[in-house]
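Trainee: Take a look at this one; I'll ask things after.
The values are calculated or read from the model by the stated rules, or taken from the named source; none is laboratory data. What you see is a predicted model, and the numbers here were worked out from it, not measured in a lab. As a convention, Cβ positions derive from the backbone with ideal geometry for all residues, glycine included, and neighbour counts pool all protein chains shown.
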Amino acid sequence: MSPPVLDRLRRHVGEFPSALLGYSGGVDSALLAVVLRQELGRDRMVAVIGRSPSHAVQQLRVARDVAARFDIPLHETATHELENPAYAANPTNRCYYCKVELWGRLAAVARARGLAVICDGTNADDVAPGEHRPGRGAGVRAGIRSPLAEIGMTKAEVRASARALELPLWDAPAAPCLSSRVQYGVRITAARLRQVEDAESFLRDLGVTGDLRVRHHGTRARIEVTPEWIPFVRQRLDEVRARFAALGFGSVEVDPGGYRRGSLLAAATGG
C-alpha cells in the first residue's frame, strides 16, 4: 500500500509543467526522480548529475543504476567548483559556492531543453531550524523548488516511500559529497578528495557497513564509524594504517565517539 505522503508527492509534482531534477543518487533525489518520471513521463523531465571530483564514483554508479532501472532520462554535466578559490579555501559556507556553480550549470540545461521547473531532493528535515545548510541559500536565490520539503516529507517518510517503490537504496546511509569530509580551512583539492574516497572504499571492502566517514585533517585521517564497528576497525588498525599510508596519510586514528553528523562543523565553530 502506498504511503499517504507518497500520494501527496505524486499530486504535488504532477502539477509541474515539466521539470529538471538535480540528481545525486542519494535516496532523496532518487525517490523524487522516480516519482517525477512516473507522473510526468520521459518527455517532461530529466535528472541531471553534476560531475566533479567531489562526487564519489560509487554514488555515481548507484545514480546511473537507479536511472536505468526506472527508465529515468539522465544527463550528466561537468561542474567546476574546485576552480573557485572561495570554494577551494573550504570555509564553513563552502556548500554555498558549490550550489551556485551547480544551479548555474543546471539552469543552462533547463533553458536549452525548455523545462519549466528546476528542483532538488531537499526534504523537510533538511530545512528544520538549526540545520547548517549554506547551499540552501544558493538554491533559494536561483529559484530552485524542493518538492519533498514543500509537502513536509521527512527523511523517514522518504525512506518508507522509497521502500514502497522498491528502490534498492531505500535504507542506504547518507552520502554527502566528498568535500564534506575535509576539515574546514584545509584546502579542497582533487587529490585530497580521492584520498578520502579510496580510504572509505577500503574500509567498505573490509566489511564496514552503515554510516562511515574518513575525515581529512591535512596529513591525519580520522575514522568515524557507528559504535558497533569501532572494535572491528581497531582490530585491523595495522592493516588500515598501512593502506592509508599508501594513500598519503601520515597518521590514522579511530574516533572513540563513533560517527556523528556535523563533527567537522562542531570542531570549527566550537559547538
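Trainee: Being out of contact with any strand residue (DSSP E or B) (no Cβ under 8 Å at 6 or more places or on another chain) and surrounded by 12 or more Cβ atoms within 10 Å (Cβ to Cβ) is the filter here; which residues of segment 248-260 pass it?
Mentor: 248, the sole residue that qualifies.
Trainee: Of (1) more than 23 Å from residue 161 (Cβ to Cβ); (2) outside any helix (DSSP H, G or I); (3) without any contact (Cβ under 8 Å) to a residue 12 or more places away in the chain, residue 55 satisfies all except one. Which?
Mentor: It fails just one condition, (3).
Trainee: Which one of the conditions (1) surrounded by 14 or more Cβ atoms within 10 Å (Cβ to Cβ); (2) touching a helix residue (DSSP H, G or I) at 6+ places or on another chain (Cβ under 7 Å); (3) in contact (Cβ under 8 Å) with a residue 40 or more places away in the chain; (4) not in a helix (DSSP H, G or I) does residue 187 fail to meet, given that it meets all the rest?
Mentor: Failed condition: (1).
Trainee: Residues of segment 117-162 being among the β-branched types (Val, Ile, Thr) and in contact with a Lys or Arg (Cβ under 8 Å, 6 or more places away or on another chain), which ones? If you could, list the steps in order and put the result at the bottom.
Mentor: Within segment 117-162, the subset among the β-branched types (Val, Ile, Thr) is 117-118, 122, 127, 140, 144, 151, 154, 158.
Listed by number, the residues that qualify are 117, 118, 122, 127, 151.
Trainee: Okay, next question. Of the residues 78, 47, 56, 67, which is at pLDDT below 95, within 19 Å of the chain's Cα centre (by Cα) and either surrounded by fewer than 19 Cβ atoms within 10 Å (Cβ to Cβ) or closer than 23 Å to residue 148 by Cβ (or both)?
Mentor: Details: 78 fails: at pLDDT below 95; 47 fails: at pLDDT below 95; 67 fails: at pLDDT below 95.
Of 78, 47, 56, 67, the one residue that is at pLDDT below 95, within 19 Å of the chain's Cα centre (by Cα) and either surrounded by fewer than 19 Cβ atoms within 10 Å (Cβ to Cβ) or closer than 23 Å to residue 148 by Cβ (or both) is 56.
The rows are residues; the columns are (1) assigned to a loop (DSSP other than H, G, I, E, B); (2) outside the structural domain of residue 201 (by TED's automatic domain parsing); (3) without any contact (Cβ under 8 Å) to a residue 60 or more places away in the chain.
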{"residue": "11", "(1), (2), (3)": "no, yes, yes"}
{"residue": "16", "(1), (2), (3)": "yes, yes, no"}
{"residue": "29", "(1), (2), (3)": "no, yes, no"}
{"residue": "39", "(1), (2), (3)": "no, yes, yes"}
{"residue": "59", "(1), (2), (3)": "no, yes, no"}
{"residue": "63", "(1), (2), (3)": "no, yes, yes"}
{"residue": "67", "(1), (2), (3)": "no, yes, yes"}
{"residue": "82", "(1), (2), (3)": "no, yes, no"}
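Trainee: Kindly list the number of the only condition in (1) crowded, with 17+ Cβ neighbours inside 10 Å; (2) closer than 20 Å to residue 34 by Cα; (3) in the same structural domain as residue 36 (by TED's automatic domain parsing) that fails for residue 96.
Mentor: Status for residue 96: all satisfied but (2).
Trainee: State yes or no: is residue 118 in contact with an Asp or Glu (Cβ under 6 Å, 6 or more places away or on another chain), of a type in the set (A, V, I, L, M) and closer than 21 Å to residue 20 by Cβ?
Mentor: no
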